[in-house]
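Chemist: Sharing a structure here in structure tokens format.
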Amino acid sequence: MSDFSEELARPVTKDDQVKMSVLSGTGMHFPWLQSYVETVVIGGKKKKDFAQTTSACLNFIQEALLKHQWQRAAEYMHSYLQTLEDSDGYKRHAAPEIIWKLGSEILFYHPKSNVETFNTFADRMKNIGVMNYLKISLQHALYLVHHGMLEDADRNLSQAETWRYGEKSSSQEVLINLVQAYKGLLQYYNWSTKKKELSKLDKEDYTYGTATRSVVNRSWKTSVNLGALIKIPGVWDPFVKSYVEMLEFYGDQDAAREVLTNYAYDEKFPSNPNAHIYLYDFLKRKKTPRAKLLSVLKILYQIVPSHKLMLEFHTLLRKSEKEEHHKLALEVLFGVLDFAGCTKNVTAWKYLAKYLRQTLMGNHLVWVQEQWNSRRNWWPSFHFSCYWAKRDWKEDTALACEKASVAGILLGKGCRYFRYISKQDHEVLRKKIKRMKKSVKKYSIVNPGL
């Protein structure tokens, strides 16, 4: 592959200009698409315009990237590098970042690219676009991590960590924190590896003490880098998880709880479902009272009503002694099944079929009607069509039976889904289908007296 990063340092020769190029007013050369430029006609005249050609070149690069034509994109990049000398100050200032994003994408996927080529390109782009030094360093480090070069990535981040350009701006400060945090993740990986090695050692082994000190030293460095970042409002999931794991390992449960609580509830941080999931998992591990677990899951329910933890939320609500929680438990199940991604969740349908019967046995017909009234116009076609009955029966008989039970209760024995499933002759499920028919006859809200 032609290493287009070398184009950054290659001088323009006269032969280039005469034989290969389309000259602009600034003496730039474009060893491509000469015919395209010469046929651009405005007002009946040919126009050789630097901005127009570079814009066209960018479009061709983007098209090549979309089509995964890496070699073609690389060839166009040779010419697009000329934007570094654009007479338009704004475009010239923006060029290094655009070139880095396009070039790194090409070099990452090009079949003939290698780490050495990528490293050369990254190092040159850092020096050309000094304002992008930290961003490029961070992305360069992630590239090295992807290729398993952890020591090189750590060295790259260490250099970026000490880099400064002019007065320290707020944007630079955030990027420096990110660099330090990703360095902390690499340190966390090393710490985690040492921790696993430590768990395999006998405490009586003479090497145990040395290994323990090594783990402690690594954790201190890591916690400093991670702790600084997660205080800044943002979404820091992997950093928070790593930091909390270390705090728990060393028995600092209060600090771990505080970190997770702040991450979930601090109004300065953006809404983040994972923050509540991490807090719930932590509290569950610590055998926290049910009331606290419910309060955490209730917020998660408001954010992501289809999350898999909602079935656990339903179970906890049912165990509560409060009637309002029992009513919410029904709402949660209906909410889960409102989403297409949950339509084949046999556990959710099983829970709903069972809880509908319990709710109606408890004389709470109004609860069921409240949930059904807002769904009666779209659930039948969404869940209970004849098409779905045939497909569900073919793919998962257990799912079909649970859905048929719910369909019969909500729509009556005339429901097409219920009728199709109830007529199936299945030796193993014969008794289950018979029980389902009796249940629908007894609990259907369409005509309870039948």
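The values are calculated or read from the model by the stated rules, or taken from the named source; none is laboratory data. Note that the structure is a prediction, hence the values are computed from the model and not measured. Every residue, glycine among them, receives a Cβ derived from its backbone with ideal geometry; neighbour counts consider all protein chains shown. Calculation scope for accessible area: heavy atoms of the full protein, side chains included, ligands and nucleic acids excluded. Shrake-Rupley method; radii C 1.70, N 1.55, O 1.52, S 1.80 Å.
Chemist: For residues that are open to solvent by 10 Å² or more (accessible area, probe 1.4 Å) and outside any helix (DSSP H, G or I), scanning just segment 383-414, find the one that is farthest from Tyr351 (Cα to Cα).
Modeler: Once the filter is applied, the top-ranked residue is Gly414.
Chemist: Kindly indicate whether any position in segment 323-333 is closer than 22 Å to Lys437 by Cβ, out of contact with any Cys (no Cβ under 9 Å at 6 or more places or on another chain) and surrounded by 14 or more Cβ atoms within 10 Å (Cβ to Cβ).
Modeler: Step one: of segment 323-333, the residues closer than 22 Å to Lys437 by Cβ are none.
No.
Chemist: Return the only residue of Leu81, Leu107 being under 30 Å from Ser158 (Cα atoms), surrounded by 15 or more Cβ atoms within 10 Å (Cβ to Cβ) and modelled with pLDDT under 90.
Modeler: The conditions single out Leu81.
Chemist: Cβ-Cβ below 8 Å, separation at least six or inter-chain, first residue in segment 258-276 and farther than 16 Å from Leu309 by Cα, second open to solvent by 60 Å² or more (accessible area, probe 1.4 Å) and assigned to a loop (DSSP other than H, G, I, E, B): which pairs?
Modeler: Note: pairs meeting the criteria are Asp266/Pro233; Lys268/Pro233; Phe269/Pro233; Phe269/Val235; Pro270/Pro233; Pro270/Val235.
Chemist: Could you check segment 336-346 and list, in sequence order, the residues that are within 23 Å of Ile445 (Cβ to Cβ), assigned to a helix (DSSP H, G or I) and open to solvent by 10 Å² or more (accessible area, probe 1.4 Å)?
Modeler: Cys342, Val346
Chemist: Any residue at all in segment 435-442 that's buried (at least 19 other Cβ atoms within 10 Å of the Cβ) and touching a Lys or Arg at 6+ places or on another chain (Cβ under 7 Å)? Give the derivation first.
Modeler: First, the residues of segment 435-442 that are buried (at least 19 other Cβ atoms within 10 Å of the Cβ): 436, 440.
Those still in the list that are touching a Lys or Arg at 6+ places or on another chain (Cβ under 7 Å) too: 440.
There is at least one residue in segment 435-442 that is buried (at least 19 other Cβ atoms within 10 Å of the Cβ) and touching a Lys or Arg at 6+ places or on another chain (Cβ under 7 Å).
Residue-wise test of (1) more than 23 Å from Gly184 (Cα to Cα); (2) surrounded by fewer than 21 Cβ atoms within 10 Å (Cβ to Cβ).
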position	(1), (2)
Gly227	no, yes
Arg257	no, yes
Leu260	no, no
Tyr263	no, no
Asn274	no, yes
Lys286	yes, yes
Val296	yes, no
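Chemist: Could you give every pair whose Cβ atoms fall below 6 Å, whose first residue belongs to segment 392-412 and is among the acidic types (Asp, Glu), and whose second residue is open to solvent by less than 10 Å² (accessible area, probe 1.4 Å), counting only separations of at least 6 or pairs across chains?
Modeler: Sorted first by the residue in segment 392-412, then by its partner, the pairs are Asp392/Leu399; Asp392/Ala400; Glu402/Trp349; Glu402/Ala353.
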